[in-house]
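The values are calculated or read from the model by the stated rules, or taken from the named source; none is laboratory data. Here the structure is a predicted model, which means the values were calculated and not measured. When we count neighbours, we look across all protein chains shown, and the Cβ atoms used for this are built from the backbone with ideal geometry, even at glycine.
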Amino acid sequence: MKHANDMALASYKVNGVDCYFMYVVAYDGNVPQNAIVKLQYSGTNYWEVGRYYYPGGADSYTVYSGISNMGSEKDAYGNDGFKFLLKVGDVFSTVVIPYGQGNGTTLSKTTNKFVKDAFSIDRNLTNYANYISQGLHYEADKIYVNYWGGSSKPHANVILVYKNIGSGSPPLDKSREIDKGSSSNVKFEIESCGFPKNQNVFWFNTTEGNYNPYENVNGGIYTDSQNIK
């Protein structure tokens, strides 16, 4: 799977038994191998059960940096599945993946079964236009999108909150800067973010360490109790 950019959780019954899954937007560096990887998990064990390849070629949606579960929805053919919000840069799209979707499926923007354009956001009106786009979380018609300052601001991260995403042109609701990095780490990069169900505590995970070579690189999981909903 190589580099995992973001992850969404989902669950449904298989033969009457509750089963739990992670849908990971993964980056391989080789466009045909970039995919949404479906992992089933139980306790601390997990295994791959599906892989859905990104559109390639002239299609611009080749590497997704974020994914969030928007809830259950039928696809264009009446199959039960989950609707996911995806993003590359500041452009968002949706895809419905049926529960039993076959492994190795290639997603496409040319049919109504798969990827559909949704909306985009404009960061030019913020102080973070040059930050690097990372993960996202969707909840109650809002999106929480995290951005990292890059090599010029390696400890700088911001969460931008946009509301009324169903409008097609969501306005900025609020922003929140986060820097919890240790001075011993050159890099403190928030990869993805989210809220547990029915909670206001904000969770995020990080990549931390040094540059060139990437020595002493660590991952961290943090919580922040300040309410940004």
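Okay, here's what the table says:
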| read-out | value |
| --- | --- |
| Given (1) closer than 27 Å to residue 160 by Cα; (2) at pLDDT 90 or above; (3) among the aromatic types (Phe, Trp, Tyr), number of the condition residue 47 does not satisfy | (1) |
| Selected residue (only one of 124, 112, 130 is more than 28 Å from residue 197 (Cα to Cα), at pLDDT 80 or above and either among the acidic types (Asp, Glu) or out of contact with any strand residue (DSSP E or B) (no Cβ under 8 Å at 6 or more places or on another chain) (or both)) | 130 |
| First in the stretch 182-205 and more than 20 Å from residue 155 (Cα to Cα), second anywhere and acidic (Asp, Glu) and at pLDDT below 85, Cβ under 8 Å, 6 or more apart | 201/224 |
| Long-range neighbours under 6 Å by Cβ, at least six apart or interchain, first residue at positive phi within the stretch 151-174, second surrounded by 15 or more Cβ atoms within 10 Å (Cβ to Cβ) and not acidic (Asp, Glu) | 164/170; 168/119 |
| Options 124, 130, 157; residue that is crowded, with 21+ Cβ neighbours inside 10 Å and more than 29 Å from residue 13 (Cα to Cα) | 157 |
| Test: residue in the stretch 16-37 that is surrounded by 19 or more Cβ atoms within 10 Å (Cβ to Cβ), modelled with pLDDT of 90 or more, hydroxyl-bearing (Ser, Thr, Tyr) and over 15 Å from residue 103 (Cα atoms) | no |
| Selection from the stretch 120-151 of residues that are part of a loop (DSSP other than H, G, I, E, B) and farther than 17 Å from residue 191 by Cα | 121, 122, 126, 127, 129, 140, 141 |
| Any pair with Cβ under 9 angstrom, 6 or more apart, that starts in the stretch 74-102 at a residue that is outside the structural domain of residue 14 (by TED's automatic domain parsing) and part of a strand (DSSP E or B) and ends at one that is surrounded by 22 or more Cβ atoms within 10 Å (Cβ to Cβ) and not charged (D, E, K, R) | none |
